[in-house]
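Colleague: Mind having a look at this structure? Questions to follow.
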Amino acid sequence: MRGLLKPLLAALLAVALCGPVLAQTEGSQPDGTIAVESDRAQDFATRDRIMDILGQLEGYDDVRATVSNGIVTLRGTVVDATRIAALNELVARVEGVVAIENTVAESTDVVERLNPALHRMQERVAQAIAFSPLILVALAAGVLMWLFGFWLAKRSWPWDRIAPNAFIADIYRQIVRLAFIVLGIVLALDLLNATALLGTILGAAGIVGLAIGFAVRDTVENFISSIMLSIRQPFRPKDLVEIEGDLGHVIRLTSRATILLSLDGNHIRIPNATVFKSRIINYTRNDERRFTFLVGVDPAADIAEAQRIILAALKELPFLLETPGPGVWVEGLGASTIDITAAGWIKQHETGIGMAKGEAIRVVKARLEASGIALPEPTYRLLRAEQPAKTDATPAPAKPAAAQVEVQNVGTEEGVALEQIIEAEREALPDDDLLRQEAPQE
């Protein structure tokens, strides 16, 4: 038994003295067993190995290492503080290292700190020169893609054929241009093997686009409303419409606003977002149009006879339609009158609504007065406290009989003059209009 133990103990002692010690890194110092005896040759070998490694790495030219009894002392300077921490991890992996004493400091020499930056810049310039032919090919491919996209967008076919109007066709062209610009950028980056950069560019563009979208929200809303109005076209050029209480003839529909010409000759500019969301009354859409007016007759008069006279007077007017015919009805009781409503229908493209209504009022008033039916004005009774009210009223002087009134026909002279003004306004900017007579109307 003792004969077996002696060779085993000798082998263990030889391994402990001569075998390599594997250094493991935990923190900044190696971990492992330490030999009982020092080996001078092992220290020299460890130092030479460390210096060989540092000589192959960039940034450690001024670092020196000494090894004594397995303890490595590092001295010198480096230009980057991160290299100091990396030294401990690197040296701890070398065999035979027991401990590390790192006294390397960060260099403050200006020349030493600028040299690496200049070296990197020189490398970038050399790399750019080497890649210049490929860069020129990538730029040429991208530019050719852009030029083809712009050429395709400028063509009238097929955009004018598939678009309902010129505004939508121009939007199609803008989309085509943008699509070919993106394709050109993707092609150029793919030739440079830098497609990963495209995700960063698109992400930044998305964030910028979102911020711009919030900033110009009203402008974007008007633009989208312009697209919808140009497609739906709820009115035509020269139509008489009422939008949000504004009454006027349509001059044009632009990409931002709807321009009206009021009956007084004033320009009304309404944002398209407001037009799209508003209630629109189109007075021109139907040729037949009705007008009404109120007649206040004497309460003592025969109401049925007054209605018959008014209806007969309306039927005398040559510009009123027979179907639908005129109408008369009692509207209510006024303060000192019986209110009767008279209505009549006209073809507004042949007869002006204002002149027709005025002529009807003139003839009805004349017929009622000729029949002895008074149209009294509002009367008020004033009582004075210091004097008793008089019971006998002085009769009002009798009104002379109304003269015979000739019925006149009215046309659209005022409407023709206003239409000429509208036509002149439209011809001033013929291309800045999204409305077309031949386009479908909702």
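Colleague: Taking the number of other C-beta atoms within 10 Å as the exposure measure, put Met355, Met228, Met121, Met51 in order starting with the fewest. Before the final figure, lay out the partial values.
Modeller: Working: Met355 19, Met228 13, Met121 10, Met51 16.
Fewest-to-most Cβ neighbours within 10 Å comes out as Met121, Met228, Met51, Met355.
Colleague: Here's another thing I want to ask about it. How much length is gained if the chain between Leu187 and Thr82 is pulled fully straight, taking 0.36 nm per residue apart and subtracting their Cα-Cα distance, in nm to one decimal?
Modeller: Working: separation 105, 0.36 × 105 = 37.80 nm, distance 3.90 nm.
Extending this stretch completely gives an extra 33.9 nm.
Colleague: Can I ask one more? Which three extents, in whole angstrom, do the alpha-carbon atoms of the stretch 166-214 cover along their principal axes, largest first?
Modeller: 40, 27, 7
Colleague: In what order do Leu260, Leu247 fall by count of nearby beta-carbon atoms within 10 Å, going from fewest to most? Mind dumping the intermediate values first?
Modeller: On the way: Leu260 26, Leu247 15.
If I rank by nearby Cβ atoms, fewest first, I get Leu247, Leu260.
Colleague: Give the whole-number value, in cubic angstrom per residue, of the convex hull volume spanned by the C-alpha atoms of the stretch 114-215.
Modeller: 139 Å³
Colleague: Given +1 on the Cβ of Lys and Arg, -1 on the Cβ of Asp and Glu, and no further charges, what dipole in debye does the stretch 55-114 carry about its Cα centre, rounded to the nearest 20?
Modeller: In debye, rounded to 20, the stretch 55-114 gives about 160.
Colleague: Something else now. Give the distance, in whole Å, between the Cα centre of the stretch 168-190 and the Cα centre of the stretch 223-281.
Modeller: First find each Cα centre; the distance between them is then 33 Å.
Colleague: Report the calculated FRET efficiency for Arg124 and Arg279 (r = Cβ-Cβ distance, R0 = 60 Å), to the nearest 0.05.
Modeller: On the way: r = 65 Å, r/R0 = 1.08.
FRET efficiency, Arg124 to Arg279: 0.40.
Colleague: If each residue's Cβ is checked for other Cβ atoms within 10 Å, how do Tyr60, Tyr172 rank with the fewest at the top? Write out the running numbers ahead of the final one.
Modeller: Working: Tyr60 22, Tyr172 15.
Neighbour counts put them in this order, fewest first: Tyr172, Tyr60.
Colleague: Now for a different question. Could you list the GluC sites (Glu not before Pro) in the stretch 321-383 that lie in coil according to DSSP, counting only those with at most 16 other Cβ atoms within 10 Å of their Cβ?
Modeller: Numbers: sites: Glu322, Glu331, Glu350, Glu359, Glu369; in loops: Glu322, Glu350.
Sparse-neighbourhood loop GluC sites (Glu not before Pro): Glu322, Glu350.
Colleague: Please give me, ordered by residue number, the trypsin sites (Lys or Arg not before Pro) of the stretch 115-193 that lie in loop per DSSP and have at most 10 other Cβ atoms within 10 Å.
Modeller: Answer in residue order: no site qualifies.
Colleague: Rg(Cα) of the stretch 220-340 divided by 2.2 N^0.38 Å? Intermediate results must be reported in sequence, preceding the final value.
Modeller: On the way: Rg = 20.7 Å, N = 121, 2.2 N^0.38 = 13.6 Å.
Normalised Rg, Cα atoms only: 1.52.
Colleague: With charges only on Cβ, +1 for K and R and -1 for D and E, what is the dipole size of the stretch 112-182 about its Cα centre, in debye, rounded to 20? Before the final figure, lay out the partial values.
Modeller: Details: 8 positive and 4 negative charges, 26 e Å.
Rounded to the nearest 20 debye, it is 120 debye.
Colleague: Which loop trypsin sites (Lys or Arg not before Pro) in the stretch 221-289, with loop taken from DSSP, have no more than 16 other Cβ atoms within 10 angstrom of their Cβ? Before the final figure, lay out each step's value.
Modeller: Values: sites: Arg232, Lys238, Arg252, Arg256, Arg269, Lys277, Arg279, Arg285, Arg289; in loops: Lys238, Arg256, Arg279, Arg285.
Those satisfying the criteria are Arg256, Arg279, Arg285.
Colleague: I want to verify the translational diffusion coefficient of the stretch 272-390 in µm²/s; compute it with Stokes-Einstein, Rh as the Kirkwood radius over Cα pairs, at 4 °C and 1.567 mPa s. Don't skip to the answer; put the middle values down first.
Modeller: On the way: Rh = 16.7 Å.
In µm²/s, the coefficient rounds to 78.
Every number here is computed from the coordinates shown, using simple stated rules; none is lab data. Given the structure is predicted, the values throughout are model-derived calculations rather than measurements. Glycine gets a Cβ as well: all are built from the backbone with ideal geometry, and neighbour counts include every protein chain shown.
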